[in-house]
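Worksheet: one structure, shown below.
The values are calculated or read from the model by the stated rules, or taken from the named source; none is laboratory data. None of these values were measured; they are calculated from a predicted model. Counting neighbours? That spans all protein chains shown, and the Cβs are built from the backbone with ideal geometry, glycine included. Surface areas here come from the heavy atoms of the whole protein model, side chains and all, with no ligands, DNA or RNA. Shrake-Rupley method; radii C 1.70, N 1.55, O 1.52, S 1.80 Å.
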Amino acid sequence: MLSKVLGAAWQPSARAVGRLLAGNTRSFAAVVLPADSNQALGIANYAKDFIGGKYGDDIDASVWERIEQFHTDSVMCGISALALKTNAPTVLREEALTYSDPKGATVFGSSAKCAPEKAICANASAVREWDSNGTVFGYNPNIPGHTAGEFGHNDFYPVVMAAAQVTGQIDGKQALLAMIALDEIRGRLAEVFSLKSYKIDHVVHGAIASAAVYGALLGASAEQIESAIGMTVAHYVPFRAIRAGKQLSDSKGASAALSTEAAVLSMRRAMRGFVGPKDIFRNPEAIFRFFEPTTGTAASQNSVDIALVNKVRWGPGPSPFNIVLSHSGSDFAVCGMHFKLGLYEHQSAGALEAIIYALVHNPDFAAGGLGAIENINIVAYEPAFGIIGDPAKKDPKSRQSADHSMAFIVSRLLVKAMKSGKVPSTMDAAWIEFMLSPYDYGKDALYDAETRSLFPRITFEHGGAEFDAKYPDGIPTQVDITLKGGKKISSGMVMYPSGHARNTSADLKKILEYKNRMLGDIVFAERKVVDSFVGRLVSMKSASAAEVGSLYDFDWSSIRSHPCID
């Protein structure tokens with residue numbers, strides 16, 4: 001058992017541990033931050049040590065490949081969102097360029113230096129806009145206590161790129177190492193503390209990681225990083241009010257950007273001498289012990305005791321969790337993260353896999369067209385059933401709402417497939433052929449009559465305890481299609497759709513190559529320019545510091561001209 005390797009009560013303070021896991025799981029060596037230690041200081045030391053090379057170079061090749069893939073995917077999402085004039089990324093990019101700073105960082109498609117936190121905010125907003133970059137579910141059953149299941153996305157790589165531009169001394173390998181560290185910190189926090197359970201937005205974990213990694217790259221002391229993490233948690237916690245309601249605003253997509261802006265600004269202030277709250281994870285009035293008290297009362301998501309007379313409740317105590325941070329081997333958090341093979345909310349991936357499978361393996365289904373469909377019943381788990389399966393979301397009026405509507409996403413894929421006139425014979429080819437693009441959520445698609453004609457024929461069903469128990473290990477979804485004439489097509493339960501970290505059937509590299517080109521063609525007029533730009537990203541590990549500093553630069557004046565997609 002892993003607990004035997006770590007000690008029965010996980011008592012050792014921030015020391016390296018490791019094990020070789022059996023079966024198909026991965027090997028790793030890690031630092032343990034026990035609940036009764038100063039975990040903010042521990043995260044700071046981990047970031048400095050890992051990025052500084054203390055643990056050597058024993059990182060599996062699969063980890064390097066994965067971080068390059070996620071970073072490349074994020075950049076292509078970001079620059080295409082800007083090319084199509086999406087609102088928040090455009091506003092924040094223009095804002096950043098007004099904060100000139102010759103020692104700062106750059107926004108996508110510019111060599112002009114501006115305040116680093118502003119450049120990070122603009123670039124992170126662009127990366128997140130399509131909701132098509134990587135996703136984490138916060139689930140690693142190989143480590144005790146690391147199954148909290150918090151969401152998160154790979155929105156934070158601009159933090160590393162900005163630090164590289166500010167210092168001018170970070171080459172491609174060290175930049176990717178810092179990205180691995182950033183994903184490790186936020187990914188492991190997502191495994192031990194579920195923010196969504198308390199209506200807090202998932203970006204808090206990424207903001208903490210951003211402060212730590214930016215500080216480590218800039219040479220901040222561990223105490224300064226601890227201070228910045230304390231400020232981030234004490235001053236800048238966004239609640240899910242930003243995404244409440246049926247029609248979503250810019251605040252939902254820009255949440256990571258705004259939180260990371262605050263985190264990096266906190267780090268810069270700490271480096272100037274500002275002292276923030278220390279030991280924030282054990283602070284009884286910070287979010288962690290406030291919502292999951294470790295003294296004076298039993299932790300409860302349904303009833304949090306906030307009575308001030310309970311002195312034990314508000315007194316010294318451990319944080320609610322241990323944190324395990326990998327530094328060697330192949331079991332890093334980034335390796336458990338998931339790709340979106342096109343534009344869609346991550347919880348719809350199981351339904352999309354089921355629909356594509358039905359099309360590939362039932363030629364008569366595709367041949368019958370949309371008119372042959374009598375009903376599509378989607379059986380899903382919570383939270384998918386309650387969030388994107390909400391019947392009220394069958395009438396999306398904005399792109400942001402459409403990509404959080406299971407009815408819209410599934411309908412759009414079917415319209416695209418039926419209009420293609422042919423169905424490929426393999427799943428990989430079908431994912432490529434029917435890949436949902438930004439145009440599938442634009443103003444024309446939003447009110448497309450054929451797409452909306454399917455809405456009344458789509459029903460949702462909660463799969464109950466059987467389905468709920470299998471999330472977030474997988475994305476348990478079943479799609480039952482009834483055709484006019486009585487034929488029924490059932491997918492059975494889909495657990496690991498294409499793009500999922502535990503999917504072993506999809507040719508991920510091939511599908512991502514297509515996605516990168518699809519998004520790149522929106523930005524650049526010539527395919528050779530697309531391939532050159534993508535090539536620089538995928539070969540980043542060998543880039544010099546100077547090349548890293550200009551990696552996001554391209555001729556903004558020569559990009560394709562588009563009307564605003566919205």
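A few notes on this one:
- In the set (1) at pLDDT 70 or above; (2) open to solvent by 40 Å² or more (accessible area, probe 1.4 Å); (3) under 19 Å from N283 (Cβ atoms); (4) part of a loop (DSSP other than H, G, I, E, B), the condition left unmet by S37 is number (2).
- Odd one out for S505, checked against (1) within 25 Å of the chain's Cα centre (by Cα); (2) closer than 28 Å to T459 by Cβ; (3) open to solvent by 20 Å² or more (accessible area, probe 1.4 Å): (2)
- Test: residue in the stretch 132-144 that is open to solvent by less than 10 Å² (accessible area, probe 1.4 Å), in contact with an Asp or Glu (Cβ under 9 Å, 6 or more places away or on another chain) and more than 25 Å from A30 (Cβ to Cβ): yes
- Hits in the stretch 512-537 (condition: open to solvent by 70 Å² or more (accessible area, probe 1.4 Å) and farther than 22 Å from P438 by Cα): R536
- Positions within the stretch 372-389 being of a type in the set (D, E) and touching a His at 6+ places or on another chain (Cβ under 9 Å), in sequence order: E382
- As a summary of the residue check, E450 satisfies the conditions (1) among the acidic types (D, E); (2) more than 25 Å from the chain's Cα centre (by Cα); (3) outside any helix (DSSP H, G or I) except for the one numbered (3).
- Yes/no for G109 being surrounded by fewer than 24 Cβ atoms within 10 Å (Cβ to Cβ), touching a residue at least 24 places away in the same chain (Cβ under 8 Å) and in contact with a Cys (Cβ under 6 Å, 6 or more places away or on another chain): no
- Screening H71 with (1) farther than 20 Å from Y214 by Cβ; (2) in a helix (DSSP H, G or I); (3) touching a residue at least 12 places away in the same chain (Cβ under 8 Å) gives one miss only, at (1).
- Only one of I355, I378, I388 that is of a type outside the set (D, E, K, R) and at pLDDT below 95: I388
- Of the helices (runs of 4 or more DSSP H) lying entirely inside the stretch 154-250, not one contains at least 3 residues that are on the phi > 0 side of the Ramachandran plot.
- In the stretch 80-106, the residue that is farthest from A164 (Cα to Cα) out of those that are free of Cβ contacts under 8 Å to residues at least 24 places away in the same chain and among the charged types (D, E, K, R) is E94.
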